[in-house]
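Q: The structure under discussion is supplied below as structure tokens; questions concerning it will follow.
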Amino acid sequence: MGFKSYCFKKSLWVFHFGGASCNNCDIEILDCLTPRHDLERFGILLVGSIRHADVLLVNGSINTHDKERLIEIYEQAPKPLLVVAIGACGCTGGIFADSITFAGPVDKVIPVDAYIPGCPPKPEAIIAGIVKLVNK
Amino acid sequence: MAVDLFYFLVFPGLLFAGITGGFLSWFDRKLTARVQFRKGPPLLQPFYDFFKLLLVKETILPKHGSPVTFLLAPVFSVFGATMAGVFILLPLFNITTGFRGDLLVIFYLLTIPSFSYIIGSLASGNPLAAVGGSREMKLILSYELTFLLVIAGVIMKCGQQFDLHSIIKTQQAASPFIGSVSGVLLFIVAVFCIQAKLALVPFDMPEAEAEITEGIFIEYSGASYAFIKLTKYIMLFILPSLLAAILLGGFRLDGIHILWSILKVLGIVLLLTLIRNTNPRIKIKQAVSFFLIWMNLIAVIAIVLIAFGY
């Protein structure tokens, strides 16, 4: 592993995009940054601007409205970018898969690098998923 | 000529100030984590961040706005911070004696990073960045006068001498200026001015407002953002060093005094971090009235006390 990929793995900055979800996965993602399951000790920071992000966390099923915005956000991020789909809605559409406004789970819209299933996934599961992503 | 390049680029210049600033930034993040009952990042985390931004991420230029100014602004801010750092640290480490009036040159050079942030944010063509830029402008208008009053107070106390070397020597011959009542008042005012200059909470409204979409730096990515981070690391080192030089008696580099010198800088960074972690972010008009009314009042009281000899 070269110097560049070592530095990339040790400092991942996360941007959270919430699709049309029930917001439980949002709460669990924010839970990972609280003192109990502290993620900053791995160098992971939550950033506010997509131009600073290395990992795009997408949760929620994607609406027809959200689809263009997700594609725009994906193109605004500087590459290399890793995309993680969180929750049952992000992976397959979950309970929203039969609705009229459903525009496909996340991997129909942008390429995904890791899937973290669960409804909602526990913070430990999210951490395990991020570790698997980093070690890939 | 070669000696000057060495001073600028290596020893108290870019390399030394960058590395020390990186360690101080780690200290700030680790202390923040401990205050919040969590563990913090590992020791080399600021350097991982810097190298990841410099080497791995690509730099995206904005479509609207001017790309040349956008890319030159971080270069100017690194240059300004390094120049100010060299002029502060050379008399502080007793390498040269500076020149007459270099305190005022340092004061002007320290405004270059803030101005380049504003120019860069306005060149990025993003309305949120423009809001952040206008907030930074208002913040500069308010704290610069107060900082100048602190410097004026220190110059008065030292018998009308304008260079940093003689201010340090006066304090080391007698007692540090903070030992007097007016020194304590000037120190309190100066800590708040540094908090605003470094854009730390409670004064970080240009940077993280536009609600957490990172205000003035919203369009920066990759190598240009790496230079902005480098500027912040350098400023986190040189501003507490300037405060240690004008109010706390400077550094003495023999024997046990090396430990006291390190503790002076770490103590000021500790104070900045603790203020950062216990306060909410305030609105820009509250910040303007805080500096223009209350801090100026305290600084003027301190100057009056100096004129009477306290």
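Q: Report ³J(HN,Hα) in whole Hz for each residue of segment B:14-24, in order, from the Karplus equation J = 6.51 cos²θ - 1.76 cosθ + 1.60 where θ = phi - 60°; Gly and Pro get x.
A: For segment B:14-24, the Karplus curve yields 5, 5, 5, 5, x, 5, 5, x, x, 5, 5 Hz.
Q: Quick check: the angle from helix B:181-197's long axis to the longest principal axis of chain B, C-alpha only, nearest 10 degrees?
A: Helix B:181-197 and the main axis of chain B meet at about 10 degrees.
Q: Another one. With everything on Cα atoms, drop me the angle between helix B:296-307 and the longest principal axis of chain B, reported from 0 to 90° to the nearest 10.
A: The answer is roughly 20 degrees.
Q: Here is a follow-up. Over 10 Å intervals from 0, what percent of Cα-Cα pairs in segment B:192-267 sits in each interval?
A: 17, 37, 26, 16, 4
Q: A further question on this structure: Could you compute the FRET efficiency for A:Asp113 and B:Asn279, with r as their C-beta to C-beta distance and R0 at 30 Å, rounded to 0.05? Working shown, then result.
A: Working: r = 39 Å, r/R0 = 1.29.
The value I calculate is 0.20.
Q: Report, to the nearest 10°, how far helix B:111-122 tilts away from the longest principal axis of the Cα atoms in chain B, using its own Cα long axis and a range of 0 to 90°.
A: 20
Q: With the calculation restricted to Cα positions, what are the radius of gyration and Dmax of the protein assembly as shown in angstrom?
A: 24.1, 81
Q: Would you mind telling me which residue in B:Val154, B:Val269, B:Val181 has the biggest mean-square fluctuation in a Gaussian network model of chain B, where springs connect alpha carbons within a distance under 10 angstrom?
A: So, out of B:Val154, B:Val269, B:Val181, the one fluctuating most is B:Val181.
Q: Among the aspartates and glutamates, which fall within straight-line cross-link reach of B:Lys30, defined as a Cα-Cα distance under 12 Å, with same-chain neighbours fewer than 8 residues apart omitted?
A: A:Glu40
Q: Which order do peptides B:224-234, B:9-19 fall in by mean Cβ count within 10 Å, highest first?
A: Numbers: B:224-234: 23.2, B:9-19: 18.1.
In decreasing order of mean packing, B:224-234, B:9-19 become B:224-234, B:9-19.
Q: When the expected Rg is taken as 2.2 N^0.38 Å, what fraction or multiple of it is the alpha-carbon Rg of segment B:2-307? Walk me through the numbers on the way to the answer.
A: Numbers: Rg = 19.0 Å, N = 306, 2.2 N^0.38 = 19.4 Å.
Compactness ratio reported: 0.98.
Q: If you don't mind, there's one more thing I want to ask. Dividing the convex hull volume of the Cα atoms of segment A:48-112 by its residue count, what figure in Å³ per residue is obtained? Please list the in-between numbers first.
A: On the way: hull volume 4.7 nm³, N = 65.
In segment A:48-112, the Cα convex hull volume per residue is 72 Å³.
Q: Within segment A:67-136, which chymotrypsin sites (Phe, Trp or Tyr not before Pro) sit in a loop by DSSP and count at most 13 neighbouring Cβ atoms inside 10 Å? Could you put the intermediate results ahead of the total?
A: Values: sites: A:Tyr74, A:Phe96, A:Phe102, A:Tyr115; in loops: none.
In loop regions of segment A:67-136 (DSSP not H, G, I, E or B), there are no sparsely surrounded chymotrypsin sites (Phe, Trp or Tyr not before Pro).
Q: Turning to a different aspect of this structure: What are the DSSP H helices in chain A that stretch 15 Å or more along their long axis, judged by alpha-carbon atoms, and whose average Kyte-Doolittle hydropathy comes to at least -0.5?
A: Values: long enough: A:64-76 (19 Å, -1.41); A:123-134 (16 Å, 1.66).
Helices passing the filter in chain A: A:123-134.
Q: In addition: Restricting the calculation to Cα positions, tell me the Rg (one decimal) and the Dmax (whole number) of segment B:149-207 in Å.
A: In Å, with Rg to one decimal and Dmax whole: 13.7, 42.
Q: Now for a different question. Can you give me the Rg/Rh ratio for segment B:62-200, using Cα atoms for both radii and the Kirkwood formula for Rh?
A: Values: Rg = 17.6 Å, Rh = 16.6 Å.
Checking Rg against Rh, the ratio lands at 1.06.
Q: Between the DSSP loop rule and a limit of at most 16 other Cβ atoms within 10 Å, which chymotrypsin sites (Phe, Trp or Tyr not before Pro) in segment B:57-161 are left?
A: Numbers: sites: B:Phe70, B:Phe76, B:Phe79, B:Phe87, B:Phe93, B:Phe99, B:Phe107, B:Tyr108, B:Phe115, B:Tyr117, B:Tyr143, B:Phe147; in loops: B:Phe93, B:Phe99.
Qualifying residues, ordered by number: B:Phe93, B:Phe99.
Q: Moving to a separate point now. Bins of 5 Å, beginning at zero and ending with the bin holding the largest distance: percent of Cα pairs per bin for chain A, please.
A: In order of increasing distance, the bins hold 2, 11, 21, 24, 21, 13, 6, 2, 1, 0 percent.
Q: Shifting gears a bit: For segment B:183-310, state what percent of all Cα-Cα pairs lands in each successive 5 Å bin, counting from 0 Å until the bin that includes the largest distance.
A: Final binned percentages: 2, 9, 16, 18, 18, 15, 11, 6, 3, 1, 0.
Q: Quick check on chain A: helices-only [θ] at 222 nm, where DSSP H runs of length 4 and up contribute -39,500 (n - 2.57) each and the sum goes over total residues. Nearest 500, please. If you can, show how the numbers build up before the last one.
A: Numbers: 6 runs with 50 residues, N = 136.
The helix-only estimate for chain A comes to -10000 deg cm²/dmol at 222 nm.
Q: Another question about this same structure. Only Cα pairs within less than 10 Å get springs; with that Gaussian network setup on chain A, which residue of A:Ile29, A:Ile71, A:Ile126 has the largest fluctuation?
A: A:Ile71
Quick note: the coordinates plus some simple rules give every number you see, no bench work behind them. Here the structure is a predicted model, which means the values were calculated and not measured. Please note: Cβ atoms are built from the backbone with ideal geometry, for glycine as well, and neighbour counts cover all protein chains shown.
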